[in-house]
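Contents: one structure, followed by commentary.
What follows draws every value from the coordinates through simple rules; no lab data is involved. All values reported here derive from a predicted model rather than from experimental measurement. In this analysis, Cβ positions are derived from the backbone assuming ideal geometry, glycine residues included, and neighbour counts consider all displayed protein chains.
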Amino acid sequence: MNEYKFTQYPSNSSVASGITMLVSVWFLVAAGAILGDPASPYTQRAQAQAAPLVQTADASASAVSPVAIAPEAHLTITVEAHRSANL
């Protein structure tokens, strides 16, 4: 395969570098299109609202503590355990 020559081009390395540049430009344009695409409303997560500050009679600010977790909240549970070495 190394003996094959492209007759219109001076060397095989110029063909390889041209294809590499073409593919690189293609990925650069694709990355720009992905980054420039507006965000979809279907992939956005709702942000939790911060607890409002309440002014008390002594003029100090205190945060209202939440009573329960909202039903639409998503929780992540991570379980870790050690395995025995003689499996």
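At 7 Å along the Cα-to-beta-carbon direction for both Ala85 and Gln44, put a label point, then send me their distance in nm to one decimal.
Going from the Ala85 label point to the Gln44 one covers 5.3 nm.
Calculate the spin-label point distance for Ile77 paired with Val15, positioning each point 7 Å from the Cα along the beta-carbon direction, and give it in nanometres.
Inter-label distance under the simple model: 6.0 nm.
Could you order peptides 75-86, 18-29 by the average number of other Cβ atoms within 10 Å of their residues, highest first?
Ranking, from highest mean packing down: 18-29, 75-86.
Quick check: pseudo-label points 7 Å beyond the Cα along Cα→Cβ at Glu3 and Trp26, how many nm apart are they?
Going from the Glu3 label point to the Trp26 one covers 3.1 nm.
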